[in-house]
Amino acid sequence: MLKNLLLSALGCTLLHFPVKAQLEKGTKYFGGTISFDGTRQKSPGTLGSKIHTININPSLQFGTFIKDNRLIGIGIGTSNSITKGSVENPSGTDKFTRSDNSYYLAPYIRHYMPLGAKWAMFLTSSAQVAWLNNKTKIGTVNDSENGFSVGLNIKPGIAYWITSRFSLESDINLLSLNAGYKDLADRQDFSFSSGVTSNFNSYLSVRASWYFKKQ
Amino acid sequence: MKKIFILTCISIFGVSGILKAQFTGKQYIGGEAAVNFNNSDLNNDRSVNNYGYNFDISLGKFQSETRATGWNLSTSLSGAKNFYQLDDTGIPIERKGINRVGVGVGRFWQFYKHFNNNVGIFAGPGVNLGFSASKELDNQGGTFFYDVKRNQINLSLGLAAGVYYKFSDKWWATASLAFANPISVEYVFAKYKALSNIDAGFKRNELKYQFNPGINLPSVGLGVRYFYNR
């Protein structure tokens, strides 16, 4: 009895991390993040101007573990950049609006490699289809162009569990592989990049994630 | 049985005994410095350069074994020498001197995990208020150059993480590992003055705001700490 007690006490001193990640088959996954930034600029005076710019990038991910440590899911997101301005002229005020929008759908498969009870590394392979839409309005003249882009990318990431259900995750752009094609208003771009060349200082965007174990 | 008992005793009392370091109530003054200097000689007998420094002083106090709070004061300066093609005469004009100075004050909270007697990591949030003044030439994407003077006020909420190494009870070395500035607000007062007389000057006010849950990694800065109340 005492032996068991002591042994379990020993166990407790060695296991400092009570949090256990849930990466079993059937577990549901939900993750999301958002970032935005903006500028409001104003020049007073007779030839003054006012320009407001806002960029907003929300994204959501849903998924199910089809096997232990293997997640299949879909990501959706948008990227919107809106600029609104007015410039004073001797003849009046010129107003303009421009918005660049993209809406994407990205099915993905992700493999987890647990590192202890609180950490895991993962590798995400995803295909991305996006619809692009740019709108401009100068005075009363409207202009709009549509396009699409497709891409494939593979990138690693890390996850840290704060509780057994909630983790913070980040994709690491340092070692990624991207291939993409973009078609927008008479212009076609093809791109390929391997992230080993990307800037080492680039920041890691953090995503909040929840894991719901199947009852 | 006896072995297990001893082992348990060692792991409970031994480990926590080592970690029962006496941080609570200790106060320190810390400094972190970074300097840079670049010089390039162009092939037409002109040399351009840029230089700068950052210097941070922090005053902190351990509230418990694993938590410290404090204030920090930062100053920075940068300068450069460069050539600008201001008109169509073909002769570039040299500009040199200090082009930016900044000061800041901040409050920080740090949470520690001491790995052993000498090494540990810390991380925590901070609030910073900064002011900077800068001077530069800008052509606004066009052909006219403006002398731009900017005064900038910046308020940011951030997170920072670092690692420490304890040389002695009084001296620690620190290195920063990563930082994040998820929330920041900045107000800029700018004055544009045309270099030629053709175009007049103007003023511009700017409000910039940002929410970006990202981490800058790695960000290595080295510093020292001195504990003075002992």
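Throughout, read-outs are computed from the coordinates displayed, never taken from laboratory work. Keep in mind it's a predicted model, so treat the numbers as computed, not measured. With ideal geometry, Cβ positions are generated from the backbone for all residues, glycine too; neighbour counts draw on all protein chains shown.
Prolate is the label for chain B. Its Cα gyration tensor axes, ordered a ≥ b ≥ c, give a/c of at least 1.5 and a/b above b/c.
Between B:VAL119 and A:PHE62, the modelled labels are 4.5 nm apart [label points 7 Å from Cα along Cα→Cβ]. Using the alpha-carbon positions of the range A:24-206, Rg (one decimal) and Dmax (whole number) come out as 20.8, 69 Å. Note on B:203-209: average number of Cβ atoms from other chains within 10 Å of each residue's Cβ is 6.
Which whole number gives the average count of other chain Cβ atoms within 10 Å of the Cβ atoms across peptide A:28-37?
Shielding by partners across A:28-37 averages 2.
Note on B:ASP147 and B:GLN22: their simple-model spin labels are 6.1 nm apart, each label 7 Å out from Cα toward Cβ. Taking 13 Å as the straight-line reach from the Cα of A:LYS214, the aspartates and glutamates in range (excluding those fewer than 8 positions away in the same chain) are A:GLU24, A:ASP68. Packing, taken as the mean count of other beta carbons within 10 Å per residue, orders the peptides A:179-192, A:94-107 from highest to lowest as A:94-107, A:179-192.
For A:ALA120, neighbours were defined as the other residues whose beta-carbon sits under 11 Å from its Cβ, and their charges (Lys and Arg +1, Asp and Glu -1) total +1. Charged neighbours of A:ILE154, selected by a Cβ distance under 14 Å, balance to +1 (K, R count +1; D, E count -1). Given R0 = 41 Å, the distance between the Cβ atoms of B:ARG67 and A:GLU24 translates into a calculated FRET efficiency of 0.70. Ranked for footprinting exposure by Cβ neighbours inside 10 Å, fewest first, A:GLU145, A:GLU169 give A:GLU145, A:GLU169. Over the range A:24-206, Cα pairs under 8 Å with separation of 6+ residues give a relative contact order of 13 percent. Counting charges near A:SER209 (Lys, Arg +1; Asp, Glu -1) among other residues having Cβ under 15 Å from its Cβ returns a value of +4.
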